[in-house]
Structure formats: C-alpha cells, structure tokens
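Written out below as structure tokens is the structure these notes cover.
The values are calculated or read from the model by the stated rules, or taken from the named source; none is laboratory data. Please read all numbers here as calculations on a predicted model, not as lab measurements. Using ideal geometry, Cβ is built from the backbone for each residue, glycine included, and neighbour counts are taken over all protein chains shown.
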C-alpha cells in the first residue's frame, strides 16, 4: 500500500516532462521519460530548474536521433574499425597490480567481437560489502577463500622409492599464511587421493608438522597368462603407481574457488579491492562478504550465464568502451551499443563472423562476399535459395544502386497543372498513360 502514493505523485511528473519536451518539438521515448521521472523525483528543484533540465535533455535527444535510412551499420563499422587499426598488439601489466597480465588493445577487441567463451587472460574484480571495504584483514580473508590453495602451496611432496611411498610434509609458515589447518590438509588428501589404490597414514613424528605417508595398497596378483602381464612387466607397475600417487597429491585442492589461480589485494581510494587471475563468477558470488552488485569479470559468457543476456550486453559495451579508451581512442558509445545489440538480440551472444551474424545473413551474395564464396553459392543453388537484393553488399556486387540515402525511395513527381498553363507546357508534364510502370 505504501507504493501507491509514490506512484500517484510520479504520474504528474511524467506528464510535465512530456509536456515540456513537446513544446520543444520532441517526443521522448517512454524509457527515457521513465528514467527522467525516477531521477528528478528525488531532487529538490524549482520549476525553472526542472524545465531547464528537461529542455536540455530534449534538445540533446533530438540532436542524437538518426535520420531515416541512415546507414548506421556502415558508420559504426567504420567508426570502430578505423581506430582499431591504430591499436597496439601488445599485452600490458594491469595498471597498479604487480605480476598480473591482462589482454588489452586489439587482441581484446577481437575477443569481444568474436564472442570467445574463455578470454585469453580471464580475471575478476571483487568488491567487499560496505561494512568490510576498509578492513584489510576482512578483505584478506575473502581473498584466501577465493584463491585456490593446493597441497604443494602448503606442503613439500617427495617420494621414497625404496619404501614405495609418497611423503607429504606440511610447512607451518605457508599453512599459516594461507589460513590452512592440518585437519584441512588431511581432509583434502583423503578426498583427493584414490583410497582404493593408496593408503594414507600419519608419519612417526608428532605435532602440526607431522608428515603424511601415502602408501601403495597391495593388489591381488594377476593370472600368469593375462594379456596385461604380457604387455607390461609386473616389476614396473609399482613405480608407475608411485608416480600416480605423487601426481594426485600435487593436484589436490584444499580450498578456494575453482579457476581462481591467484588473488591480489589493492587499495583504491578508501576501500580494498581484490583482483584475481582466473575467473569463476558463479563460485565467487557464493563467498560470504562479497558484494555481488559490483563484483565483475572480463568473461562476458560468465556474466551471461549468471545474470542473463541484458547484463552480457551491458558488459560487451563496457569492455569495448574501456578497451578503446585505454588506447586513447574516442568512439561514440552508440556505435558500440549497436554492435552489442546485434550480438545479443536473439537472446544469446553471437560472434560477428561466419559462424555467427555474418554467416546467417538472409542474402546469399552478402554471405558469399564475406568468406568461402564457392561453398555459399553452391549450397544456395542446390537448395534453390532466392536473393531479394535488399541489402548493401549484394546490390554493390550486381552493380545497382544501394537501398540507402537517395536510393532508399522510389519517387514519382506529377506536377499539378494550372488552368493558365500554355498547351506546350501541359504536354510536357502530362501524366503517364494508365497501366504504365510509372503509374503503378
């Protein structure tokens, strides 16, 4: 019931915005009116200030509109492609974070338009909740929960060939730095090692640094005429199993989010932020203390999977805009919005290429002009496909005017004859005979 009075107050505000805009000769879109209403409702503005703001927005909105039949696709392609040739091919360190690389420049832009599922350098920016932002120790605990910790990070692993066993020796300093207890290490070993083949025992020493011994279990002897024994001598098998036990121990994960190799903390203004090498948005958002409204990743497909296609569209725009601006290139945001809209307008993320948008054009000639010409033409001929010649590329190929600009309309002009016009003039301007192509 509390929502109804607010809605009633906002309705006259909506009408005022539309009325002021109409006086300027502009019809604002419903979404823009709604956003204006929501923002201006919280500001204490005089009537003059309110009108001034709405008028300015109306003028800018009218200035930003596109004329009918404007070739927005070609303009966007040129506006992004031309500055793209000025971009560097190198990979830089991420600003202010030591030992962490991230792909920038042209390679990053190519990743985005190709809709690659996994970026070449996946990374995340993790923010803590408001109450924890300025507490470095609390943020460090979040980083420890996020970063994957494996057995080699907190213990030394060695093999004793004579006794056919693998020794796992906990390192107290490393365990304390990673926030790992002996019980955590023991649990991880029991879960990660195949106990059908190996047995885990505590060493002879005592205390937190006591070693774990991974021993080979005795297996029943195979029959003498078995095929396996003929292929491989029996005496070699224990050493291979010993190597398998060592490899399994090294791969055991104690804690952390799968896919996050490293987590670094950096102070930005008044808060601590975590940057990660590797990405797993779904797993990170489950960590207590993480601010899910601001935490993000450079993997657009992870954003699509967790938040949906609208969030993925916004991420494409943001990532492309940031990539261009980092190189000092100014590209109008509307061009990037158009590309992102085309990539996501079918409910998922499609690449701009022969496996995505360009490969699914309705025009046979447009597809053939992009790549693998003979295959497209052959397939179209076999299936009896028809090209209506409605686009730009196909009309250029056949050598006729494109359907843009002056070629967008077919106009027949028939002047009105005045009674006082001379006979010769009337003859020149008489209408075409009925049934002619021009009359039609």
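May I ask you to say which residue of 56, 82 is more than 30 Å from residue 32 (Cα to Cα), at pLDDT 80 or above and in a helix (DSSP H, G or I)?
The unique qualifying residue is 82.
Within the range 159-194, track down each residue that is within 20 Å of residue 248 (Cβ to Cβ) and part of a loop (DSSP other than H, G, I, E, B).
161, 163, 164, 171, 180, 193, 194
From (1) in contact with a helix residue (DSSP H, G or I) (Cβ under 9 Å, 6 or more places away or on another chain); (2) touching a residue at least 40 places away in the same chain (Cβ under 8 Å); (3) exposed (fewer than 14 other Cβ atoms within 10 Å of the Cβ); (4) within 30 Å of residue 297 (Cα to Cα), pick out the condition that doesn't hold for residue 147.
(3)
Go through the range 260-269 residue by residue and tally those that are part of a loop (DSSP other than H, G, I, E, B) and exposed (fewer than 15 other Cβ atoms within 10 Å of the Cβ).
2
Listed here are the residues, each with its yes/no results for (1) over 17 Å from residue 119 (Cα atoms); (2) in contact with a helix residue (DSSP H, G or I) (Cβ under 7 Å, 6 or more places away or on another chain).
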{"position": "281", "(1), (2)": "no, yes"}
{"position": "293", "(1), (2)": "yes, no"}
{"position": "298", "(1), (2)": "no, yes"}
{"position": "304", "(1), (2)": "no, yes"}
{"position": "317", "(1), (2)": "no, yes"}
{"position": "333", "(1), (2)": "yes, yes"}
{"position": "336", "(1), (2)": "yes, yes"}
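Report, by residue number, each residue of the range 24-37 that is exposed (fewer than 14 other Cβ atoms within 10 Å of the Cβ) and closer than 14 Å to residue 53 by Cα.
35
For residue 222, are the conditions met, namely being farther than 24 Å from residue 182 by Cβ, at pLDDT below 75 and touching a helix residue (DSSP H, G or I) at 6+ places or on another chain (Cβ under 8 Å)?
Criteria met by residue 222.
Residue-wise test of (1) surrounded by 14 or more Cβ atoms within 10 Å (Cβ to Cβ); (2) touching a residue at least 12 places away in the same chain (Cβ under 8 Å); (3) closer than 20 Å to residue 106 by Cα.
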site	(1), (2), (3)
350	yes, yes, yes
365	yes, yes, no
373	no, no, no
411	no, no, no
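How many residues does the range 119-132 contain that are surrounded by fewer than 18 Cβ atoms within 10 Å (Cβ to Cβ) and touching a helix residue (DSSP H, G or I) at 6+ places or on another chain (Cβ under 8 Å)?
Adding up the residues that qualify gives 1.
Residue check: is residue 108 modelled with pLDDT of 85 or more and in contact with a helix residue (DSSP H, G or I) (Cβ under 8 Å, 6 or more places away or on another chain)?
The answer is yes for residue 108.
Criterion first (surrounded by 21 or more Cβ atoms within 10 Å (Cβ to Cβ), in contact with a strand residue (DSSP E or B) (Cβ under 6 Å, 6 or more places away or on another chain) and either at pLDDT 90 or above or in a strand (DSSP E or B) (or both)) does residue 254 satisfy it?
Yes: the conditions hold for residue 254.
Determine whether residue 189 is at pLDDT below 80, surrounded by 17 or more Cβ atoms within 10 Å (Cβ to Cβ) and touching a strand residue (DSSP E or B) at 6+ places or on another chain (Cβ under 7 Å).
Spelling it out, it is not the case that residue 189 is at pLDDT below 80, surrounded by 17 or more Cβ atoms within 10 Å (Cβ to Cβ) and touching a strand residue (DSSP E or B) at 6+ places or on another chain (Cβ under 7 Å).
Of all residues in the range 390-409, which are loosely packed, with under 15 Cβ neighbours inside 10 Å and at pLDDT 85 or above?
Hits for the range 390-409 are 396, 398, 399, 400.
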